Amino acid sequence: MSDFLENPLFKERIENLEKLLGYKFKNPVLLISSITHSSFVAEYDKGLQDYEVLEFLGDAVLSLIVSEVLIKEFPKAKEGELSQIRSAVISEAYLSKLAKQIDLGKFVLLSKGEIAQKGMERESLLCDVFEAIFGAIYVDAEYHIKQPRNVFNRLFKDMLIEDIKTENIPRDYKSLLQIYTQRYLGITPKYKLVSAVGPEHSKTFTMKCVVDEKVTTKGKGKSKKEAESAAAKKAYMKLQKKKPEESKD
């Protein structure tokens with residue numbers, strides 16, 4: 001095993017990742033497993049394990065860490081709102097965003113074929129590896145949450161809180177807007193196509209979201225659905241700045 005860890009292919013990754021994470025592994029093999037794709041295991045064939053089991057564990061670890069952050073930072077939030085935010089954060093889109101913040105893709109061990117297809121840039125893969133790394137830290141720390149919590153908070157907590165406050169997390173804004181408007185205004189948002197510009201295979205759509213005479217927003221996207229979501233997000237954020245009592249007037 002010592003020969004395996006002395007291989008420059010693995011040694012450099014271990015040293016750089018430990019420095020990046022601010023955590024020294026007692027069992028560095030766990031760290032290697034957390035960044036090893038199944039395609040590399042098949043190609044390398046030296047008894048390596050891929051990240052799938054650690055990914056499964058890391059998903060639960062991150063869910064707990066994020067839940068703690070939400071409860072501490074937003075003590076007045078309701079359970080339903082906390083659940084929606086947590087689901088948005090523990091999502092492929094957001095976790096892959098965090099992975100990109102530390103350039104995690106460059107550490108992943110992939111087969112030559114996956115490298116040629118730029119597998120290290122796929123959101124699904126980045127999310128999986130991100131989860132696996134936190135699963136690996138949890139196992140290495142003898143199944144105590146303190147160490148993975150410390151790593152997450154040091155690297156990502158401030159960014160996470162800011163993203164939540166600025167609504168910069170992947171949420172279903174059309175559903176959120178409809179729930180809000182039905183509850184406080186007794187109406188349903190309406191969407192209208194403003195324009196569709198560009199060649200047939202690459203159009204840019206602009207959609208209008210109309211809540212009432214006071215709130216009208218526009219959003220753009222590569223599909224009507226994407227444009228509607230962008231417009232709904234703007235409308236939702238505008239309404240969130242108002243008190244419910246004001247919205248009823």
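The values are calculated or read from the model by the stated rules, or taken from the named source; none is laboratory data. Note that this is a predicted model, so its numbers are computed, not measured. Counting neighbours? That spans all protein chains shown, and the Cβs are built from the backbone with ideal geometry, glycine included.
Just need a number here: residues in segment 147-163 that are more than 14 Å from Leu95 (Cβ to Cβ) and either of a type in the set (Asp, Glu) or not assigned by TED's automatic domain parsing to the domain that holds Glu73 (or both).
Here the count works out to 2.
Collect the residues in segment 19-40 that are exposed (fewer than 15 other Cβ atoms within 10 Å of the Cβ) and within 14 Å of Leu110 (Cβ to Cβ), keeping them in residue-number order.
none
Mind checking which residues of segment 109-159 are of a type in the set (Asp, Glu) and under 16 Å from the mean Cα position of the chain (by Cα)? Spell out the reasoning first.
Let us first name the residues in segment 109-159 that are of a type in the set (Asp, Glu), namely 114, 121, 123, 128, 131, 140, 142, 158.
Glu121, Glu123, Asp128, Glu131, Asp158, listed by residue number.
Could we say that Phe40 is in a helix (DSSP H, G or I), touching a residue at least 60 places away in the same chain (Cβ under 8 Å), in contact with a strand residue (DSSP E or B) (Cβ under 7 Å, 6 or more places away or on another chain) and not basic (Lys, Arg) here? Show your work before the answer.
Numbers: in a helix (DSSP H, G or I): yes; touching a residue at least 60 places away in the same chain (Cβ under 8 Å): yes; in contact with a strand residue (DSSP E or B) (Cβ under 7 Å, 6 or more places away or on another chain): yes; not basic (Lys, Arg): yes.
In short, yes.
Can you tell me which residue in segment 204-224 is farthest from Gly186 (Cα to Cα), limited to those that are at pLDDT below 90 and among the charged types (D, E, K, R)? Before the answer, list the steps.
Of the residues in segment 204-224, the ones at pLDDT below 90 are 212-214, 222-223.
Next cut, among the charged types (D, E, K, R) only: 212-214, 222.
Numbers: Asp212: 11, Glu213: 14, Lys214: 15, Lys222: 31 Å.
Ranking the candidates gives Lys222 first.
Select, from Glu55, Glu73, the only residue that is within 29 Å of Lys174 (Cβ to Cβ), acidic (Asp, Glu) and in contact (Cβ under 8 Å) with a residue 24 or more places away in the chain. Lay out the reasoning, then the answer.
On the way: Glu55 fails: within 29 Å of Lys174 (Cβ to Cβ).
Selected residue: Glu73, the only one of Glu55, Glu73 that is within 29 Å of Lys174 (Cβ to Cβ), acidic (Asp, Glu) and in contact (Cβ under 8 Å) with a residue 24 or more places away in the chain.
Given the criterion assigned to a helix (DSSP H, G or I), under 17 Å from the mean Cα position of the chain (by Cα) and under 20 Å from Asp140 (Cβ atoms), identify the matching residue among Leu70, Leu82, Leu54, Leu62.
Numbers: Leu70 fails: under 20 Å from Asp140 (Cβ atoms); Leu82 fails: under 20 Å from Asp140 (Cβ atoms); Leu54 fails: under 17 Å from the mean Cα position of the chain (by Cα).
Among Leu70, Leu82, Leu54, Leu62, only Leu62 is assigned to a helix (DSSP H, G or I), under 17 Å from the mean Cα position of the chain (by Cα) and under 20 Å from Asp140 (Cβ atoms).
Output the residues belonging to segment 85-108 that are surrounded by fewer than 18 Cβ atoms within 10 Å (Cβ to Cβ), within 8 Å of the chain's Cα centre (by Cα) and modelled with pLDDT of 95 or more.
Once the filter is applied, which keeps residues that are surrounded by fewer than 18 Cβ atoms within 10 Å (Cβ to Cβ), within 8 Å of the chain's Cα centre (by Cα) and modelled with pLDDT of 95 or more, segment 85-108 yields nothing.
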